[in-house]
Amino acid sequence: METRTIGIVMNGVTGRMGANQHLLRSIVPIMAQGGVRVSPELTLLPAPVLAGRNEEKLMAVAKQAGDALGGTPLPITTDLEQAVRSPSCDMLFDASITQFRARAIELAASIGKPIYCEKPTATTSAEAMRLVRVADDANIKTGVVFDKLWLPGIRKLKALIDANFFGRILSIRGEFGYWVFTGESPDQPAQRPSWNYRAADGGGIAADMFCHWRYVLDHTFGSACGPITKLAAWVNTDLPRRFDESGNPYDADADDSAYAMFLLGDRVMAQFNSSWCTRVRRDDLLTIQIDGTHGSAVAGLRECWTQSLADTPRPVWNPDITQPIDFFANWDKVEDGIAYDNAFKVQWELFLRHIALGEPFPWTLREGARGVELAEAALVASSRCEWVEVPQ
Ligand SMILES: NC(=O)c1ccc[n+]([C@@H]2O[C@H](COP(=O)([O-])OP(=O)(O)OC[C@H]3O[C@@H](n4cnc5c(N)ncnc54)[C@H](O)[C@@H]3O)[C@@H](O)[C@H]2O)c1
């Protein structure tokens, strides 16, 4: 029985995503479970080194992770390049702000080490494709976080599509968003970092969320409905003044709401609303409804509900009486087929297997660039008020 250690330099782990999703809910649980057991003979065991600029913040996260593992704090470094150069480093992970992504990818490529990173990979498609070439020229393995594919709700939708539950799919409707406080009131602090709302720092909801919509639509609906061929969008800054982490006001010039219509193939409409300026009165922070000739489904992050043609109610428009139909009845909950693991952790395990064993991992920098292309196309469509072709 061999336990193969995979040295991972993790950059950006003092941030929201790096700390919570990647370190504490993915790598630490993988270590706690004894690694990724790929066969009776081989286990892959992550050995993270936490990299960043602020030693104090790093030490706090390293201690939190160490405590969760019932041991000493994880190792830290403020010298990213030296850590990646070290022979004990097998790969770089980057969850720092989007604007830093190029430096991380260039660093990994210059040393010839694999890189796994958060999305978006860049804020323009030209830059995203340049980074693809940098990685290809260095012949390194790459991966981009496509976490939504492993959300239980989306997995259930995919299973319904594959089982042809919907008949002919007619339309798809995605609602994403919640209220992100401006930070003006000390009693209601902003719950997302201020750079998300500054264009120069790589902020904006289109850049952030359309990366997700591209791979969700490609991988979940592509086989049934075809690729996104064109889109129309309205991208807006609803709240132009917000307050930063120090309580100082700033011009929030990045978009904070984006409404898009994606045409799949030549006939299926996928309409996605994304907003950080909306209040939730729906099942979850993200809901996706599919309507088909034989049935419909609505998925949230974990749950998925279906209504077949036979169970479809027959409403009559009459505003003079209280609505007699409970439209939430006649929906069946899709049962959990398996015990679903954290979506980020599932993809991490696949990337570790990819770099250690060469198993397929299709969610590369090139795929990530497709998400950046979609966001860019939406910004163009919105500024011109036109339908725009989406590059394939
Ligand atoms: N997969 C998802 O669902 C998802 C969700 C939210 C954010 N993200 C992406 O994850 C990344 C991080 O987002 P976040 O919300 O965790 O942000 P955050 O501001 O909470 O964390 C950013 C991290 O980057 C570091 N950093 C900031 N400026 C830097 C610089 N100049 N050089 C190097 N490091 C720097 C910070 O110290 C921190 O560790 C972004 O690219 C974002 O788009 C992905």
**Request:** Please list, in chain and number order, the residues 5+ apart from C304 or on another chain whose amide H is under 5 Å from its amide H, with Hs placed from the backbone.
**Result:** V334
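Which order do peptides 359-368, 373-382 fall in by mean Cβ count within 10 Å, highest first?
Details: 359-368: 18.6, 373-382: 23.2.
Descending packing order for the listed peptides: 373-382, 359-368.
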**Message:** Assuming a strict under-17 Å limit between Cα atoms, what lysine pair count do you get for the chain once near-sequence pairs (fewer than 8 apart, same chain) are dropped?
**Reply:** 9
**Request:** Compute the acute angle (0 to 90°) between the alpha-carbon long axis of helix 205-216 and the principal axis of greatest extent of the alpha-carbon atoms of the chain; round to the nearest 10°.
**Result:** 80
**Fill in**
With the dipole of the chain defined by +1 on each Lys or Arg Cβ and -1 on each Asp or Glu Cβ, the option from S275, T293, I76 whose Cα lies farthest towards the positive pole is T293
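How do F146, F328 rank when sorted from fewest to most other Cβ atoms within 10 Å of their own Cβ?
F328, F146
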**Whole-Hz ³J(HN,Hα) from phi, Karplus 6.51 cos²θ - 1.76 cosθ + 1.60, for the stretch 322-332, glycine and proline x** = 5, 3, x, 9, 8, 6, 8, 7, 6, 10, 9
**Prompt:** Three principal axis extents, largest first, for the C-alpha atoms of the stretch 100-148, in Å?
**Reply:** 28, 22, 17
**Complete:** Sorted largest first, the C-alpha extents of the chain along its principal axes in whole angstrom are 71, 54, 43
**Request:** Quickly rank 315-324, 240-249 as a protection proxy: mean count of other C-beta atoms within 10 Å, highest first.
**Result:** 240-249, 315-324
**Message:** Whole-Hz ³J(HN,Hα) for each residue in the stretch 97-112, computed from phi via Karplus 6.51 cos²θ - 1.76 cosθ + 1.60 with θ = phi - 60°, x for glycine and proline: what do you get?
**Reply:** 4, 3, 4, 8, 4, 4, 4, 5, 5, 4, 5, 4, 5, 5, 9, x
**Request:** Calculate the length of the line joining the C-alpha centroid of the stretch 72-136 to that of the stretch 297-333, in whole Å.
**Result:** 47
**Request:** With θ set to phi - 60°, apply the Karplus curve 6.51 cos²θ - 1.76 cosθ + 1.60 along the stretch 66-75 and write out the HN-Hα couplings as whole Hz, x wherever there is a Gly or Pro.
**Result:** x, 4, 4, 8, x, x, 7, x, 5, x
**Item:** Amide H contacts under 5 Å for G203, placed H, 5+ residues apart
**Value:** R198
**Request:** Under 17 Å from a label point 7 Å along Cα→Cβ of A310: give me every residue in the stretch 145-164 with its amide N that close.
**Result:** 164
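Every number here is computed from the coordinates shown, using simple stated rules; none is lab data. Everything numeric here is computed off the predicted structure, so don't read it as measured data. Every residue, glycine as well, gets a Cβ built from its backbone with ideal geometry; the counts of neighbours run over all protein chains shown.
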